[in-house]
Amino acid sequence: LFGLGEGLLIVSLTGASPWSVLAQGISIHLNFSIGLITFFISLFVIFLWIFLEQKPGIGTILNAIIIALMIDFSLAFIETPETYFVKLIMAIIAVMIVGLGSGIYLIANLGPGPRDGLMTGLQKVTNLPIAWVRSGIEVTVIALGWVLGGTVGVGTILFALGIGPSVAASMYTLSAFYKTQSDC
C-alpha cells in the first residue's frame, strides 16, 4: 500500500513525496526507473545505519523491495487523470494510502523502514528533537531532488502536511481494530 500510494502521487503529476522527488531527480540523470532508484536509495540509507548503530528487521528489507516494485508497477499501469481536479483527488487518495500502509507496517513491528531507521539513528546521535531531525531529512532530500529535476508541487505539500495525520489515523484505527479482534 505504501508503494502504491507513492506511485499514485507520482502518477498524479501534482508533485511527489520527498524521497520520490529525490528518486525522480536521480532517475533523470541515470536513466533507471524511479522504483529501481528508490530501491538503491533504500540500500544506501540502510548502509548508513552501520554508523548509526541501527538494526534492520525483515520489514526493513521488505519495505525497500516492495515499495520500489509498487512504484514502478503504478507508473507502468496507472494512467494520469486528464483534469487537474481529478489529479488532486488522486494525490489526496495517494497520501491516505501511504498513511494506511505506514500504519500497517508500523503496527506489524517487523523493523523500521530504511528512512525511519535513519531518522531514529540520527536523533540518537544528535540528540535533537525527532521532529527537527525528520524535517531536516525531508527538506534535504526535497532540495537535492528538485535540483536534480524531480517534481515538487502541490502533491508534495499535500504529502508533507497530510502524511502525519494519515499515519496517525491509520494507527489509531488499526489499533482499535486489533484490540476489538483480540477481545473476541
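So, residue 53, is that one more than 14 Å from the chain's Cα centre (by Cα), at positive phi, surrounded by fewer than 21 Cβ atoms within 10 Å (Cβ to Cβ) and in contact (Cβ under 8 Å) with a residue 24 or more places away in the chain or not?
Against the criterion (more than 14 Å from the chain's Cα centre (by Cα), at positive phi, surrounded by fewer than 21 Cβ atoms within 10 Å (Cβ to Cβ) and in contact (Cβ under 8 Å) with a residue 24 or more places away in the chain), residue 53 qualifies.
Could you list, in sequence order, all residues of segment 116-158 that are outside any helix (DSSP H, G or I) and under 27 Å from residue 90 (Cα atoms)?
148, 149, 150, 151, 152, 153
Only one residue in 62, 100 is assigned to a helix (DSSP H, G or I), without any contact (Cβ under 8 Å) to a residue 60 or more places away in the chain, surrounded by 15 or more Cβ atoms within 10 Å (Cβ to Cβ) and of a type outside the set (Gly, Ala, Ser), so which one is that?
Every option except 62 fails the conditions.
Looking at (1) open to solvent by 10 Å² or more (accessible area, probe 1.4 Å); (2) modelled with pLDDT of 95 or more; (3) closer than 18 Å to residue 147 by Cα, which one does residue 80 not meet, given that it meets all the others?
Of everything listed in (1) open to solvent by 10 Å² or more (accessible area, probe 1.4 Å); (2) modelled with pLDDT of 95 or more; (3) closer than 18 Å to residue 147 by Cα, residue 80 misses just condition (3).
How many of the residues making up segment 95-142 are small (Gly, Ala, Ser), in contact with a Phe, Trp or Tyr (Cβ under 8 Å, 6 or more places away or on another chain) and closer than 21 Å to residue 3 by Cα?
Final tally of qualifying residues: 4.
Exactly one of (1) open to solvent by 30 Å² or more (accessible area, probe 1.4 Å); (2) at pLDDT 95 or above; (3) out of contact with any Asp or Glu (no Cβ under 8 Å at 6 or more places or on another chain); (4) of a type in the set (A, V, I, L, M) is unmet by residue 70. Its number?
Checking residue 70 against (1) open to solvent by 30 Å² or more (accessible area, probe 1.4 Å); (2) at pLDDT 95 or above; (3) out of contact with any Asp or Glu (no Cβ under 8 Å at 6 or more places or on another chain); (4) of a type in the set (A, V, I, L, M), the one that fails is (3).
Do you know which residues across segment 118-141 are farther than 17 Å from residue 164 by Cα and touching a residue at least 40 places away in the same chain (Cβ under 8 Å)?
Across segment 118-141, the qualifying residues are 118, 121, 122, 124, 125, 141.
Across segment 8-31, which residue is surrounded by the most Cβ atoms within 10 Å (Cβ to Cβ) among those that are small (Gly, Ala, Ser) and over 10 Å from the mean Cα position of the chain (by Cα)?
This residue is 23.
Within segment 151-162, does at least one residue satisfy the condition of being among the β-branched types (Val, Ile, Thr), open to solvent by 60 Å² or more (accessible area, probe 1.4 Å) and over 26 Å from residue 27 (Cα atoms)?
no
The values are calculated or read from the model by the stated rules, or taken from the named source; none is laboratory data. Please read these numbers as outputs of a predicted model, since none were measured by experiment. As a convention, Cβ positions derive from the backbone with ideal geometry for all residues, glycine included, and neighbour counts pool all protein chains shown. These accessible areas exclude ligands, DNA and RNA; they are computed on the full protein's heavy atoms, side chains included. Shrake-Rupley method; radii C 1.70, N 1.55, O 1.52, S 1.80 Å.
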